[in-house]
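The values are calculated or read from the model by the stated rules, or taken from the named source; none is laboratory data. For clarity, every value in this text was computed on a predicted model and none was experimentally measured. Here the Cβ positions follow ideal geometry from the backbone for every residue, glycine too, while neighbour counts run over all protein chains shown.
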Amino acid sequence: MLNCILLLIVTIILSGCGWLFPTDNPYEAAYSLADYPGVEYDVNFHIKSDSSIESFIKENSKLQILKSKPPISTNALRYRILEDMKHIKRALKHKGYFDVSVSAKLKVRTSPKIVDLTIQTGTQYSVGGVSLEILDHSSNLNLTPSKFEKIIKIEPGELVDQDKIFEANIYLEKYFKNQGYPFVKVEVPDGNVNKDKKQLFVIFKVQLNHKRINGNTTVIGLQTVPSTYVHNRIVWQKGDVYDDRKIERTKRKLIETELFSSVTITPIEKGEDDEVPLSIELTEAPPRSIGAGIEYTNSRGIGGRLIWAHRNLFGGGEMFTIEAKGNHSEGKGIISYEIPDVFIPDLNFATWFSAQHNNTRAYKGQSYDAYVGFNWHTEHVRAAAGLEYERSKLTRMKIQREHYLSVPLMLLLDMRNDVINPYKGWRILTEITPSYGHLGKSNKMLRLLVNANYYLRLIKRDIFVIGLWTRLGEINSIKNQDIPLNKRFYSGGLNSVRGYGYQKIGPIDVDSNPTGGRNLAEGGVEPRFKITDTIGVVGFIEAGSVGNSKQLTYQEKRYFVGYGVGARYYTAIGPIRFDIAFPTKRRTINGARYDAPFQLYISIGQAF
């Protein structure tokens, strides 16, 4: 009998009986859970007191957000309701509704089930006052209440928004770091609620941790770039009061050289010492790079640009570039070389040679250009002066052969916040170029050009911006017929008056080709509106005039006006733009339409 029992037990073990040792099959469990239908429900919001907050409540309601993912049971739905009531109360208190109450009813006998949420918001509290509490002693701190409110961007009387209160902490920290306190600590603000007056009094708490001056600077991570190159780009001085803005400016200058893939600047705390040492940690980027760009206009077809650069040719930050750009009517090749920090920091020696072929309606032929000179630049100012020799053979109705020496002078004042996608600030570029040599029957020429941009931001950040631009030019000391064809002023096309084709604004000859002129006046306005972080739309109206009088003319009959709309797709490398523009007046010359009904432009970067 015992043998039979033992045999039975062994048989059960070997057979792997499912009821004795059930198999843990995760796939079966997942299948059965996914197959469960869930409890469908609808949510009704009943807002008492302040109904304008309904959209905010729905955006913060888990019941509303998770409606497409129903719970697996009625009890689970009840739990979701309880959690949602807490979540809504927290969200509303965040916006200053400190007397809020939330109640809920669940109707279980309907299909789908119905959740009724009743929200009594109460009155939204206002800011009764703000104050600053310094947790450690500082006799040098001079901060008036009005200046403090300006720093934190919160004024008494405005409605409570805790997002703004926490942003104010960031503004405070930034302010004190700019005033010599690199190790400042800003604590979570305290709030005192006055339920009778429906007000919140906010107390900001700051530990300054001693005012500092700049000490020694160490540079870490250099391999091929000399340390003097880095030190020449440091904008602070040893012994100056610490200022975080100078740290950021130095960081930006080093990044803009494109010699470094990462730049980290760190103040080093050494107890209560007045001096704070600074550490610059760098990672060198590959010195060689290749870049490309593309554009399209229906008057010039597809155009492009290809550039190869070496940014540290001989180990001193020297820049050597080879560039080619063009389209079906123009092509240009450029070889350039630049040596930084010649004699003084930010004074660079530059030289280049270019060869260009043109086959436009205005002229055809080749030109060769050689330049040597110096350029000097700071954060907002750039100046250049040099010698340029040009030799050209260009044809319109007859061949023009010219060779002459120029002294190009340039001054740029750039107060824009961004080069690729500016939304505030201004920019003025002035070019003065006297030339001497074989210029037809003349032997000298003076060319002047001024280009100005202005950006007016109407809404915070870059949501709504109005951009304005103008370009004025004049050529003196030379007869009209002797002005080189490629130095005359032309108007129309990409980055000009977009409603008209390339070079088509201005005087034309008997063969309907543009002749260019000795003076230029252009301008335009472009409102830009951002719909989302990546999508934007623009409208624009622009006008231009080219003439041959001895001075700029503003006669209305000489001006050509274009208008249009465009779309912008904002990327990390800048906005991609799509513009369509129309002329206000299409000319008929020699029995044929001279101006196209529209112009289409596709490019990278804003128009100006």
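Filter region 45-71 down to the residues that are modelled with pLDDT of 90 or more and more than 42 Å from the chain's Cα centre (by Cα) and list them by number. Passing the criteria: His46, Pro71.
Restricting attention to region 298-331, which residues are among the hydroxyl-bearing types (Ser, Thr, Tyr) and more than 19 Å from His357 (Cα to Cα)? Answer for region 298-331, where residues must be among the hydroxyl-bearing types (Ser, Thr, Tyr) and more than 19 Å from His357 (Cα to Cα): just Thr321. Scanning region 96-106 for residues that are surrounded by 14 or more Cβ atoms within 10 Å (Cβ to Cβ) and out of contact with any Leu (no Cβ under 8 Å at 6 or more places or on another chain) returns Tyr97, Asp99, Ser101. Scanning region 511-546 for residues being part of a strand (DSSP E or B) and at pLDDT below 90 gives a total of 1. The residue of region 230-272 that is surrounded by the fewest Cβ atoms within 10 Å (Cβ to Cβ), among those that are touching a residue at least 60 places away in the same chain (Cβ under 8 Å) and more than 21 Å from Asp341 (Cβ to Cβ), is Glu272. Residues in region 41-76 that are surrounded by 14 or more Cβ atoms within 10 Å (Cβ to Cβ) and acidic (Asp, Glu): Asp50, Glu54. Within the group Ser111, Ser51, which residue is in contact (Cβ under 8 Å) with a residue 60 or more places away in the chain, out of contact with any strand residue (DSSP E or B) (no Cβ under 6 Å at 6 or more places or on another chain) and either outside the structural domain of Asn194 (by TED's automatic domain parsing) or over 30 Å from Phe183 (Cα atoms) (or both)? Exactly one residue qualifies, and that residue is Ser111.
Among the numbered conditions (1) within 27 Å of the chain's Cα centre (by Cα); (2) modelled with pLDDT of 95 or more; (3) not aliphatic (A, V, I, L, M), the only one that Trp352 does not meet is (1). Filtered by the rule that a residue be in a loop (DSSP other than H, G, I, E, B) and exposed (fewer than 15 other Cβ atoms within 10 Å of the Cβ), region 360-391 gives Thr378, Glu379, His380.
Just to be sure, is Leu141 modelled with pLDDT under 85 and either in the same structural domain as Ser55 (by TED's automatic domain parsing) or part of a loop (DSSP other than H, G, I, E, B) (or both)? Yes, satisfied.
Quick one: is Tyr502 aromatic (Phe, Trp, Tyr), surrounded by fewer than 22 Cβ atoms within 10 Å (Cβ to Cβ) and at pLDDT below 90? Judged against the criteria, Tyr502 is not a match. For region 178-229, taking the residues that are without any contact (Cβ under 8 Å) to a residue 60 or more places away in the chain, in a loop (DSSP other than H, G, I, E, B) and of a type in the set (D, E, K, R), the one that is nearest to Glu133 (Cα to Cα) is identified as Glu187. Summed over region 325-344, the residues that are surrounded by fewer than 16 Cβ atoms within 10 Å (Cβ to Cβ) and out of contact with any strand residue (DSSP E or B) (no Cβ under 6 Å at 6 or more places or on another chain) give a count of 2.
I'm trying to understand the selection: among the residues of region 346-359, which are more than 19 Å from Ile322 (Cβ to Cβ) and either surrounded by 16 or more Cβ atoms within 10 Å (Cβ to Cβ) or hydrophobic (A, V, I, L, M, F, W, C) (or both)? So that I can check it myself, show each step before the final result.
Restricting attention to region 346-359, the residues satisfying the condition of being more than 19 Å from Ile322 (Cβ to Cβ) are 346-347, 358-359.
Once the filter is applied, which keeps residues that are more than 19 Å from Ile322 (Cβ to Cβ) and either surrounded by 16 or more Cβ atoms within 10 Å (Cβ to Cβ) or hydrophobic (A, V, I, L, M, F, W, C) (or both), region 346-359 yields Asp346, Leu347, Asn358.
Only a single criterion out of (1) basic (Lys, Arg); (2) within 17 Å of Asn214 (Cβ to Cβ); (3) touching a strand residue (DSSP E or B) at 6+ places or on another chain (Cβ under 9 Å) is not satisfied by Arg245, namely (3).
Among the residues of region 279-306, write down those that are within 23 Å of the chain's Cα centre (by Cα) and among the β-branched types (Val, Ile, Thr). Residues satisfying the conditions are Ile290, Ile294. Those residues that are more than 20 Å from Lys67 (Cβ to Cβ) and in contact (Cβ under 8 Å) with a residue 24 or more places away in the chain, I need them from region 94-108; list them, please. Once the filter is applied, which keeps residues that are more than 20 Å from Lys67 (Cβ to Cβ) and in contact (Cβ under 8 Å) with a residue 24 or more places away in the chain, region 94-108 yields His94, Lys95, Gly96, Tyr97, Phe98, Asp99. In the set Leu405, Leu394, only one residue is more than 30 Å from Tyr594 (Cβ to Cβ), in a strand (DSSP E or B), in contact with a strand residue (DSSP E or B) (Cβ under 8 Å, 6 or more places away or on another chain) and modelled with pLDDT of 90 or more; that residue is Leu405.
Of the strands (runs of 3 or more DSSP E) entirely within region 244-338, those holding at least 2 residues that are closer than 30 Å to Ala581 by Cα occupy 288-297, 301-310, 319-326.
Just one of the listed residues (Ile151, Ile119) is within 30 Å of Asp42 (Cβ to Cβ), among the aliphatic types (A, V, I, L, M) and in contact (Cβ under 8 Å) with a residue 12 or more places away in the chain, namely Ile119. Consider region 557-567. How many of its residues are touching a strand residue (DSSP E or B) at 6+ places or on another chain (Cβ under 9 Å) and modelled with pLDDT under 80? Result for region 557-567: 1.
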